[in-house]
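The values are calculated or read from the model by the stated rules, or taken from the named source; none is laboratory data. Bear in mind that the values here come from a model prediction, so they are computed numbers and not experimental data. All Cβ positions, glycine included, derive from the backbone under ideal geometry; neighbour counts span all protein chains shown. Accessible surface areas use protein heavy atoms only, side chains included; no ligands, DNA or RNA. Shrake-Rupley method; radii C 1.70, N 1.55, O 1.52, S 1.80 Å.
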Amino acid sequence: DENEIVFLPQGVYVVSRTLKLRPRTKLIGLHRSFSLLRPVAVEGGDFNDAENPQPVIRTADDADARTVLASVGLVTTVPGAFLVHWRAGRHSIYRGVNTSCYFTTKPTPENPALQHPMVLVSGNGGGRWDNFHSDSSGSVHPDYRHIQVQDTRGPLAFYQCNPEHARSGLEMELRGARNVSIYGLKGERPTPILLVRDCDHIFVSGYSGVAIPPDRESLIRVERTPNYTIANLVDRP
């Protein structure tokens, strides 16, 4: 709260409550493999309710925010936590951040499958995102997404976007979003990688990877979106 720039040296930082980034906050680690944030469910914390998961990091909902999140890794094994809720606008930066969830057990009433997106972009969410990477292993709900961009007006630009290994029906979803550009998209597993639904002015240039669509499905699906460009796709049989 008291500093515009906060640096996380190498280490694992256990978090029991949501970190709220101000419009000018710059939260920067050493590297996404070395400066790690890990939520835990403790009494009095924010991450105890799997039915109402809370983010480890939430930005201010500000179109003019110059928030920076860079060079950190976020890892959860807690169903009551998702990792990022991004609402900072066009001048913000999300760079070199790794988000991962690992659930090694089968879902139970006490430990349900994660249904909430791991990264949610909403409100005034936008900016420049460099080297987005999200991975998972274990049990998640079919509605789970590595990243969901919902009801935003942008602009939001991804420079290399790599959501992969989701054990759900889809890796990434744009829903009701406008002015989203993806320069380089890559995935793995036999899972559709991108759903564009009820959006406008969507641009995707460049896809390759080892993602293979299931039978009678496609890697990329577009629904009720009047203006879009999808180009430079490299298929993998």
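Which condition breaks for L120 when tested against (1) surrounded by fewer than 24 Cβ atoms within 10 Å (Cβ to Cβ); (2) among the aliphatic types (A, V, I, L, M); (3) more than 19 Å from R175 (Cβ to Cβ); (4) at pLDDT 95 or above? Checking L120 against (1) surrounded by fewer than 24 Cβ atoms within 10 Å (Cβ to Cβ); (2) among the aliphatic types (A, V, I, L, M); (3) more than 19 Å from R175 (Cβ to Cβ); (4) at pLDDT 95 or above, the one that fails is (3). When E51 is tested against (1) surrounded by fewer than 17 Cβ atoms within 10 Å (Cβ to Cβ); (2) under 23 Å from D151 (Cα atoms); (3) at pLDDT 95 or above, only condition (3) is not met. Residues of region 5-18 that are open to solvent by less than 100 Å² (accessible area, probe 1.4 Å) and part of a loop (DSSP other than H, G, I, E, B): P9, S16, T18. When D1 is tested against (1) more than 16 Å from the chain's Cα centre (by Cα); (2) surrounded by 16 or more Cβ atoms within 10 Å (Cβ to Cβ); (3) among the charged types (D, E, K, R); (4) more than 21 Å from Y102 (Cβ to Cβ), exactly one condition is not met: (2). The set of residues from region 114-163 being under 28 Å from N48 (Cβ atoms), acidic (D, E) and touching a strand residue (DSSP E or B) at 6+ places or on another chain (Cβ under 6 Å) comprises just one member, D135.
I202 fulfils the conditions (1) modelled with pLDDT of 95 or more; (2) buried (at least 17 other Cβ atoms within 10 Å of the Cβ); (3) under 16 Å from the mean Cα position of the chain (by Cα) except for a single criterion, (3).
Among the residues of region 190-199 satisfying the criterion of being open to solvent by 30 Å² or more (accessible area, probe 1.4 Å) and in contact with a Gly (Cβ under 8 Å, 6 or more places away or on another chain), which is farthest from L174 (Cα to Cα)?
Initial filter on region 190-199 (open to solvent by 30 Å² or more (accessible area, probe 1.4 Å)): 190, 197-198.
Still in the list and also in contact with a Gly (Cβ under 8 Å, 6 or more places away or on another chain): 197-198.
Details: R197: 6, D198: 8 Å.
Step by step, filter region 190-199, then rank; the result is D198.
Could you tell me which residue of region 69-81 is nearest to D46 (Cα to Cα), considering only residues that are at pLDDT 95 or above and surrounded by 24 or more Cβ atoms within 10 Å (Cβ to Cβ)? Looking at residues that are at pLDDT 95 or above and surrounded by 24 or more Cβ atoms within 10 Å (Cβ to Cβ), I get L74.
So which of E173, E188, E164 ends up being of a type outside the set (S, T, N, Q) and in contact with a Leu (Cβ under 9 Å, 6 or more places away or on another chain)? I'd like the intermediate steps shown before the answer.
Values: E188 fails: in contact with a Leu (Cβ under 9 Å, 6 or more places away or on another chain); E164 fails: in contact with a Leu (Cβ under 9 Å, 6 or more places away or on another chain).
The unique qualifying residue is E173.
A Cβ distance below 8 Å, combined with a sequence gap of six or more or placement on separate chains, defines the contacts here; from region 116-129, residues that are free of Cβ contacts under 8 Å to residues at least 12 places away in the same chain and closer than 21 Å to E164 by Cβ reach no residue that is of a type in the set (V, I, T) and open to solvent by 10 Å² or more (accessible area, probe 1.4 Å).
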